[in-house]
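Notes follow once the structure below has been shown.
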Amino acid sequence: MFINVQRTRGPLTLLAALALLLPSQAASADGAGDWPGFRGINVDGVSAETHVFEHADGFSLRIAWKRPLGKGYSGVSIVDGRAVTMFSDGVNDFAIALDPGDGRELWRYTIDKTYKGRDGSHDGPISTPLIADGRVFGLHPSGKLFALDAKTGKELWAADLVSEHGAVKPHYGFATSPLLVDGVLIVQGGAKDAAVSGFDPASGKRLWNAGTDKVSYQAPILINLNGKRQVVAAGDKNLLAIDAANGVVLWEHAHGGAGERGAAVLVPVAVGDGRLFLSHKEDRATLLELSRDGASGVSVKPLWEERCIRNTYTVPVYQDGFIYGCNNRIFTCVDARTGKPAWRSRAPGDGFPIVVDGHIVVATKKGSVHVIKADSSGYHEVASLQALDDLVWTPPSFAQGSIFVRGMKEIARIDIRGGARPGIARAESGIDISGSRFAGFLEELSAAADKKAVVDRFMAANTSFPIVEPDGLMHFIYRGPGEDLAVAGDLAGVGDDQPMRRAAGTDLFYLSARLESNARLSYAFMRDFEKITDPLNPRTTTISFFNEDMEMAMGNIKTEVSWLAMPGWKRPTFLDEPDASRRGRVESQKLTSKTLGAEVSIDVYLPHGYEDGNARYPVAYVHMGMMAREGGQYETALDNLIGERVAPLIVVFINHPPPFFAFDKYAAMVADELVPFVDQKYRTVRTAEGRANVSSGFSGLGAIFCTFGHPSTFGKLALQTPFMVDFVAVDRVLKKAGDHPLRIYLDWGKYDLRSPLESWSMVKAGRELDQRLRKLGYKPLGGEAPDGTDWPSWRNRTDALFEALFPIRK
């Protein structure tokens, strides 16, 4: 523990000082009290310190100091009176050394200009610096590898992995953290024929290359196998073991993993002797057994593959036969022998664990720190503290008896002090329900001896669920079997379930919220960490942005959920079955695109009466058309709206999805190939004013590129929740209204797709795009609706969309 006697207020006896210092001095005599780099002294997330939590009267967590920092994912490395991390101030990225005792800045080194986050990630460095042999080694997301004097921060050498060593920069930037093993600096850089490279730590000269696998955001570890130290690195496809001294590949194994939250971020975890745990797939993890095979070979045998630790960026830890980590956002203890969960807990929340003295220390993404007994019998939290009012995406560090945490705005040192005190109270919904009918029920229930009878009467008196009271107050209600209940979906956002409170002594759970009088939301209950629809609510629908774990999904899936509507919500009658006399018809066509080198299928909606005359019709090009036809029920809506509120038009459903990173080519296909194809086959209005691009969700960027990139072809644009996490691509094509007059419709939901624990929100994106367009002189129609995300939301406003673009002229 760091003690600065001069800064300590009040009397501090020598005996008290010794009591605080003795454990850490004993532990740090051989460097065991240090945390030199990513995942600590042995690269396993386990501190070597002991006697940390031995306090007869219990212990608590106290903030020793806290200071502003900047954005970044880098961990804190602590050696020899230096706490080093990396961050961004929005202009430049820095390595910084702080005094662990009081947080004073000792030096800072300017690495490069700020590395901007991509697709919802935060700005700044990702890798964790390494302190070794009096030097600090760091890697910038751009590929700059550098060494600094640990005392002064002076640059000793620097190299560019991309320009000098042929490394391929991953989409989000370099994230791997360096190791120093047997006098060689190990970096998993990902060059051709150089998945891993060894460098001279004194000069930066490359000594060897090993492996050919593609590298994304993995980091190497160190293990002992058959009496020999080996560097083990996971690439996108293979597991590789290397002799650090010479770069010789000792063994290689195809791990069979995949996925952004699987193989792409895979960090192996040593599980006892000769076993490795891999969270190698987004939906599964595996345990491998390594054994001697002949004189020098190694045999790799999978022992199990289970859905125990999955769908997470968190690297788990191992302690005494059990693996601790996040299964989705649920903290889980897994029996390493079988891969089966020993227990699961919603507390402490989604976060990052390390092991300290037989305990699990977790820093959650919401900035709290928790100390949990490493106990397979259940979740036993012994101390907690709200350390940062900030978003945290970095594992904690532990050195000299203290915990170090950093977020996107702050960094803090947390001390462990004798004397227990209350931890963080379980978060409530924050909704004031005093004076409400439901509050009266809870008061009656609390005082009742026969609680079941009170609940029975309450349930019988309410015929519609969720329960809605005046002034937008509503209550989710669940009654039945289960120990842990939460609400997921539009109300909470991705990965941030809202826990329901159990009425003491009953099987009734509830969560209160306050919504707009005309709000509509999709939701599901998570009962004991498994999704169910609301048993009391018969209204269900399907969504595609959430999977069965109520995590974000991007595939063509259908997840059944419940939905609710407040009393002021108006049912979209234009989605009722149309009269047969109003129905249009659909033709299917195929276009061979030279631009894309692919066949593009389309379905063309022709309104009722098209065959009866020679009139020309405006055309709406609907991107990702199959989803609009099915999820949006566009044909039904058009049949009902055309001639009543919308002018007759042709609708072309494009069934070829816009490629996520090739919008220019996709837009060229639509404007230069598809539009002439449609004009030739149908009686169309062949002017920009007669053509519109219509999109929802992921097809938004494609529609924007089509419209703004081809102003002589398109004069109208409709966007519902255009999926964008930044405006880098959009700003390239947006034009001022005076240069490109457009009629624009833009809407999004107040409860639209968003991740409170990450750096993206479609609510924020909708608002920002609206502001950008208005600054350019446009006047978008639509706006923010008190609704959620996906087709159950968007199709409620199909009438407003088409009426804005193609109103009936009176």
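Details
- Single condition ASP182 does not satisfy, out of (1) free of Cβ contacts under 8 Å to residues at least 40 places away in the same chain; (2) surrounded by fewer than 16 Cβ atoms within 10 Å (Cβ to Cβ); (3) closer than 25 Å to THR212 by Cα: (1)
- Remark: pairs (first residue in segment 155-178, on the phi > 0 side of the Ramachandran plot; second residue in a loop (DSSP other than H, G, I, E, B) and open to solvent by 50 Å² or more (accessible area, probe 1.4 Å); Cβ separation under 7 Å; 6+ apart in sequence or on different chains) = GLY166/LYS192.
- Among residues of segment 608-626, those that are among the aliphatic types (A, V, I, L, M), in contact with a helix residue (DSSP H, G or I) (Cβ under 7 Å, 6 or more places away or on another chain) and not in a strand (DSSP E or B), counted: 1
- Checked against (1) open to solvent by less than 50 Å² (accessible area, probe 1.4 Å); (2) part of a loop (DSSP other than H, G, I, E, B); (3) closer than 22 Å to PHE87 by Cβ, ALA147 passes all but condition (2).
- Residues (open to solvent by less than 30 Å² (accessible area, probe 1.4 Å), in a loop (DSSP other than H, G, I, E, B) and farther than 20 Å from LEU276 by Cα) located in segment 335-357: PRO348, GLY349, ASP350
- Of all residues making up segment 205-258, the number that are over 16 Å from LEU276 (Cβ atoms), in a strand (DSSP E or B) and touching a residue at least 60 places away in the same chain (Cβ under 8 Å): 0
- Exactly one residue among VAL730, VAL763 is assigned to a helix (DSSP H, G or I), without any contact (Cβ under 8 Å) to a residue 24 or more places away in the chain and open to solvent by less than 30 Å² (accessible area, probe 1.4 Å), and that residue is VAL763.
- Count of residues meeting criterion [of a type in the set (Val, Ile, Thr) and either over 26 Å from ASN556 (Cα atoms) or surrounded by fewer than 21 Cβ atoms within 10 Å (Cβ to Cβ) (or both)] in segment 766-793: 0
- Residue that is polar (S, T, N, Q) and closer than 30 Å to PHE529 by Cβ, where the choices are SER291, SER299, SER279: SER279
- The set of residues from segment 625-643 being free of Cβ contacts under 8 Å to residues at least 60 places away in the same chain, under 21 Å from GLY609 (Cβ atoms) and surrounded by fewer than 20 Cβ atoms within 10 Å (Cβ to Cβ) comprises just one member, ARG629.
- Only residues that are open to solvent by 50 Å² or more (accessible area, probe 1.4 Å) and within 21 Å of VAL46 (Cα to Cα) were counted across segment 238-275, and they come to 2.
- Conditions (1) on the phi > 0 side of the Ramachandran plot; (2) surrounded by 18 or more Cβ atoms within 10 Å (Cβ to Cβ); number of the one not met by GLY435: (2)
- Flag if VAL248 is out of contact with any Asp or Glu (no Cβ under 8 Å at 6 or more places or on another chain) and modelled with pLDDT of 95 or more: yes
- The set of residues from segment 586-609 being surrounded by fewer than 17 Cβ atoms within 10 Å (Cβ to Cβ) and touching a residue at least 24 places away in the same chain (Cβ under 8 Å) comprises VAL586, GLN589, LYS594, ALA598, SER601, GLY609.
- Residues in segment 531-544 include none that are modelled with pLDDT under 95 and either over 28 Å from GLU630 (Cβ atoms) or among the acidic types (Asp, Glu) (or both).
- Only one of the numbered conditions (1) open to solvent by 20 Å² or more (accessible area, probe 1.4 Å); (2) in a loop (DSSP other than H, G, I, E, B); (3) touching a Phe, Trp or Tyr at 6+ places or on another chain (Cβ under 9 Å) is violated by GLY378, and that is (1).
- Here ALA800 meets each of (1) open to solvent by 30 Å² or more (accessible area, probe 1.4 Å); (2) within 21 Å of the chain's Cα centre (by Cα); (3) not charged (D, E, K, R) with one exception, condition (2).
- Residue satisfying all of: in segment 315-334; modelled with pLDDT of 95 or more and in a loop (DSSP other than H, G, I, E, B); surrounded by the fewest Cβ atoms within 10 Å (Cβ to Cβ) among these: ASP320
- Of all residues in segment 503-524 being hydroxyl-bearing (Ser, Thr, Tyr) and in a strand (DSSP E or B), the one that is surrounded by the most Cβ atoms within 10 Å (Cβ to Cβ): SER522
- From LEU287, LEU303, LEU278, residue being surrounded by fewer than 23 Cβ atoms within 10 Å (Cβ to Cβ), at pLDDT 95 or above and out of contact with any Gly (no Cβ under 6 Å at 6 or more places or on another chain): LEU303
- Among residues of segment 691-711 that are within 19 Å of PHE677 (Cβ to Cβ), those with a beta-carbon under 7 Å from a residue that is in a strand (DSSP E or B) and open to solvent by 10 Å² or more (accessible area, probe 1.4 Å) at least six positions away or on a different chain give the pairs ARG691/LYS716; ALA692/LYS716.
Condition check ((1) within 30 Å of HIS122 (Cβ to Cβ); (2) among the small types (Gly, Ala, Ser); (3) in contact with a Lys or Arg (Cβ under 7 Å, 6 or more places away or on another chain)) across all residues:
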{"site": "ASP726", "(1), (2), (3)": "yes, no, no"}
{"site": "ASP739", "(1), (2), (3)": "no, no, no"}
{"site": "MET762", "(1), (2), (3)": "yes, no, yes"}
{"site": "ALA800", "(1), (2), (3)": "no, yes, no"}
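- Only one of the numbered conditions (1) modelled with pLDDT of 95 or more; (2) crowded, with 21+ Cβ neighbours inside 10 Å is not met by MET550, and that is (1).
- Hits in segment 537-555 (condition: in contact (Cβ under 8 Å) with a residue 24 or more places away in the chain, more than 17 Å from ARG261 (Cα to Cα) and part of a loop (DSSP other than H, G, I, E, B)): ASN537, ARG539, SER544
- Checked against the criterion of being open to solvent by less than 30 Å² (accessible area, probe 1.4 Å), more than 16 Å from VAL487 (Cα to Cα) and touching a residue at least 12 places away in the same chain (Cβ under 8 Å), segment 525-536 has no qualifying residue.
- Residue match in segment 716-727 (condition: assigned to a loop (DSSP other than H, G, I, E, B), free of Cβ contacts under 8 Å to residues at least 60 places away in the same chain and farther than 19 Å from MET554 by Cα): yes
- Any hit, segment 121-134, residues being touching a strand residue (DSSP E or B) at 6+ places or on another chain (Cβ under 8 Å), open to solvent by less than 10 Å² (accessible area, probe 1.4 Å) and assigned to a strand (DSSP E or B): no
- Residue that is farthest from GLN720 (Cα to Cα), among those in segment 634-680 that are modelled with pLDDT of 95 or more and among the aromatic types (Phe, Trp, Tyr): PHE677
The values are calculated or read from the model by the stated rules, or taken from the named source; none is laboratory data. Because the structure is a prediction, the values reported are computed rather than measured. Cβ coordinates were reconstructed from backbone atoms using ideal geometry, including for glycine residues, and neighbour counts include every protein chain displayed. Each accessible area value is taken on the protein alone, full model and side chains, heavy atoms only, with ligands, DNA and RNA left out. Shrake-Rupley method; radii C 1.70, N 1.55, O 1.52, S 1.80 Å.
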